[in-house]
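Here is the structure we will look at, set down as structure tokens.
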Amino acid sequence: MTGFKVCLLGLALGAAVCVPLTWMEWKSSAPDSRPPTENFLDFFVRWAADPLTTIYPLAGVITAALYWWLGTSRRSRSIPAQE
């Protein structure tokens, strides 16, 4: 896999983390332990507009890029030169 594909995968996984976290926030958003008063889709759109939400995809990209970089640099050092 190339570094670009790994970063795209990290971005997708980081973005996918937002959905269950938003679901938990939506379930706990109702007053007095009742069912939520608004639709999940409306809540998700409002919640996704928060700038702090960009941390999850960004963290996914950074983690995937570091993992790929450390894995490829270690592998390239361990292969002896063939003459």
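The values are calculated or read from the model by the stated rules, or taken from the named source; none is laboratory data. Quick caveat: nothing in here was measured; it's all calculated off a predicted structure. Note: ideal-geometry Cβ built from the backbone for every residue, glycine included; neighbour counts use all protein chains shown.
Key figures for this structure:
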{"quantity": "Any chance residue 36 is out of contact with any His (no Cβ under 9 Å at 6 or more places or on another chain), modelled with pLDDT under 90, surrounded by fewer than 10 Cβ atoms within 10 Å (Cβ to Cβ) and more than 21 Å from residue 7 (Cβ to Cβ)", "calculated": "no"}
{"quantity": "Matching residues in segment 18-47 - criterion: being on the phi > 0 side of the Ramachandran plot and not small (Gly, Ala, Ser)", "calculated": "32"}
{"quantity": "Selection count, segment 1-26, where residues are of a type in the set (D, E, K, R) and exposed (fewer than 12 other Cβ atoms within 10 Å of the Cβ)", "calculated": "1"}
{"quantity": "Odd one out for residue 69, checked against (1) at pLDDT 85 or above; (2) exposed (fewer than 12 other Cβ atoms within 10 Å of the Cβ)", "calculated": "(2)"}
{"quantity": "Segment 32-48 residues that are without any contact (Cβ under 8 Å) to a residue 40 or more places away in the chain, paired with ones that are surrounded by 13 or more Cβ atoms within 10 Å (Cβ to Cβ) and of a type in the set (A, V, I, L, M, F, W, C) (beta carbon under 6 Å, 6 or more apart)", "calculated": "36/26; 40/26; 43/26"}
